[in-house]
Amino acid sequence: MVFETLYFLRKHTVHPATPVRRPPQAKDTWCTPVSTPVHTTITKTRSNIETKSELQDVQNKERDLSQLQKIQLFSPSPPPAYKSENDITQADTELKEFKPPSSNENSPDIPPVSEDKLDAIIETPQSPVPTSPSYHQKCQRFAQWSAIRDLFVPIDPQGPHYISWLFIMTISYSYNAWCIVLRATFPYQTPSNTSIWMACDYVSDVMYLLDTVFVKPRLMFLHEGFWVDDLTETRKNYRKKSQYKFDVISLLPLDLLYLYFGTNKVILRFPRLLKLQTFWEFHQAIDRVLASPYVVRIGKMLFYIFYLIHLNACAYYAMSDYIGLGSNGWVYDNQGSAYIRCFYFATKTATSIGKNPKPENTIEYLFMTAAWLMGVFVFAILIGQIRDIIATATRTRTEYRKTLDGSRSYLRRLNMPVTLQRRVASWYDYTWSKQRCFDEPRILNSLPSNMKRDVALEVHMTTLSKVQLFRDCSDSLLRDLVLQLRPVCFLPGDVVVRRGEVGHQMYIISSGECCVMSQDEKEVLATLQEGSVFGEISLLGIDGLRRRTATVRARGYASLFALSKSDLDAALKHHKQAAQVLRIRADQIIRENAARQAKQRMIRLEAKKSVSIHEDESIVRRRLSNTSSASNLTLEGARRQRSASALSKRRLSAVSESGVVDQGQAATLAVTCDRARTPLPTIVLSGD
Ligand SMILES: Nc1ncnc2c1ncn2[C@@H]1O[C@@H]2COP(=O)(O)O[C@H]2[C@H]1O
């Protein structure tokens, strides 16, 4: 039963070697589903076998299927080939009796995939080409040294430990590449140090052997977007490659001929130089994983340049030795360090710098011509490539500088105020420090839409995960919106939206803070932080509010995502829940703002009212004192009194209109008015 289970799992998974431990991670969507249509087809076909022709049909289908499985599923143990009718009937019975293993019986480690989980898996954004399993910690064990040591575990070619192994191999290769030629030409291998050289040789040979026999055959590979980790398949895949042939030839034990030619015939180790592909593989791998791969690329070019000069130096010494050291003015004169002198000569000829000794015979002329040609073509190409690599590495920065300089000179030409120029410059600085590029949309647009979405999700995830709106709504809304978000930067004090303007965009704060200002812009109504959303009210058009309800300013530097009205509308059309959340929030803000405004109005009126009451009191008091001091009231006095009481009446009626006078104040007013003998105005008490 266990074998049946394993067979079942092997047949229906792409990673037959690891089906049981496969964690059900959302990012694993690129794996073959647990059950495949292939299985269904077999079951149905077999349950209907009745006639001989049907049996033959089944036979044919079986053949096709076994082919298919070989191609698609890489089953290490292919399904049995049914040859006779009996076989087929037997197989049919087997299949009928076969019960798919339940998760709790035979494969306790396999967690049952719930429908929700499945939905989540299907919903998970995925790239068309999966990254290596180690990246998603799917096959974490492959990324451990044990994977290199354990002979039955496939190796992840993008894992850090395989790259470390490639580094070791590159050192071994470089040792052979430099030292074989050096020892074959220069007299650096002497009887006293032969044992050291030989020890180094055989250490590198052991590395070569381990690589060819134990490491390379276990390397997982991508097949039609699936990582194949079946060891039989990985082995087959390695053997199909030309690299395998070179690796085997590079291991040829020609050193055995030392027994005949002597240990000084180091050139017998020449096949070791054929393992060049491992050297390239290392550089490709490191190029992929390093944040700034330019250093590695330049390093590789320098390696080629120095290696060519090294070969040149070795050839020069070999020729000098052949012609006779110091026998003429061109050859090496056997003075000083042989290698340094020859390397110096080779550098001079290869780069055509400096005065070279004149060749004196044909062979020397030929050598010099070859050296110069190599200098002109090969070195020119290599140096040109280094220039290109550096230019590519600094291209974005150069473009940034160019844009900045262009805008500065433009503003200067227009005689813009210095403060504005400074603002523009600091905007450039800030945008550059935040984004490191100005053409993010162009870079994203070069990707397929799925991948673009994945990248955008990954890049903006930290911010988006803080947005309450997205937390409350479905993931699909997030995926619909993420590509429409446009990053924008604002400087301290910049107005992001202005009260009264028509709204075209809403904003999500990615970093920094924004202040919602009161109507008179003297008070901060709310300080919005990372993950906050604003500017949505005018987009939603609630109760005809199509204009901004408040001014929002950036407090310090602020990075925001802008979302246009059309994109928001398009997304909300399909996500009613999100629309509802936004509306509720907008309603709440509108109500809060209205309440705040009403309160402010009341406060203002109260302040006005208390001022007017004080004024009235003082006027009435003045009048009373005038009345008592003048025993005989003149006509003029009477007129003044009348006008004063009229003013007092007018003021009081204004207060009464507001309806917010408290009882104490009203009583005071009544007394003062009575004293002034003026009729009391109609006052509506707030209590009434
Ligand atoms: N009291 C408030 N608290 C928080 N945000 C607000 C407040 N008042 C207005 N806003 C936001 O400021 C935005 C200004 O533009 P909108 O009216 O489009 O949408 C508004 C709201 O998103």
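Read-outs throughout are calculated quantities, based only on the coordinates presented, and are distinct from any laboratory measurement. Model, not experiment: these values are computed from the prediction. Don't worry about glycine lacking a Cβ; one is built from the backbone with ideal geometry, like all the others, and counts go over all protein chains shown.
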statement: Distance in Å, no decimals, from the C-alpha centre of segment 457-525 to the one of segment 212-227 is 46 Å
field: Kirkwood-Stokes translational diffusion coefficient of segment 315-444, alpha-carbon pairs, 10 °C, 1.306 mPa s, µm²/s
entry: 81 µm²/s
- request: Taking amide H positions as placed in the peptide plane 1.01 Å from N, state which residues far from L219 in sequence (5 or more) or on other chains have amide H under 5 Å from it.
  value: I155
statement: With the 8 Å Cα cutoff and a minimum separation of six or more residues, segment 301-347 has a relative contact order in percent of 43 percent
- request: First obtain the Kirkwood hydrodynamic radius of segment 158-258 from its Cα pairs, then insert it into the Stokes-Einstein equation at 37 °C and 0.692 mPa s, and state the resulting D in µm² per second as a whole number.
  value: 212 µm²/s
statement: Long-range amide H partners of L528, meaning residues 5 or more apart or on another chain whose placed amide H is closer than 5 Å, are C514, C515, V516
- request: Could you pull out the trypsin sites (Lys or Arg not before Pro) across segment 510-565 that fall in loop regions by DSSP (anything but H, G, I, E, B) with no more than 10 other Cβ atoms inside 10 Å?
  value: K522
- prompt: When the Cα centres of segment 286-309 and segment 566-608 are compared, how far apart do they sit, in Å?
  reply: 59 Å
Theoretical gain in end-to-end length, D333 to E617 [0.36 nm per residue, Cα-Cα removed]: 90.2 nm
- line: So for R0 = 60 Å, FRET eff. of R408-R583 from the Cβ-Cβ r, to 0.05, ends up at 0.85
- request: In Å and from the alpha-carbon atoms only, list the Rg and Dmax of segment 261-308.
  value: 15.0, 49
message: For T263, what residues show an amide H to amide H distance below 5 Å, using hydrogens built from the backbone and excluding near sequence neighbours?
response: none
- prompt: Using the beta-carbon distance between I590 and E523 and R0 = 30 Å, what value does 1/(1 + (r/R0)^6) give for FRET efficiency, to the nearest 0.05?
  reply: 0.95
task: Mind scanning K275/K300; K402/K565; K402/K466 and naming the pairs with a C-alpha gap bigger than 25 Å?
output: K402/K565; K402/K466
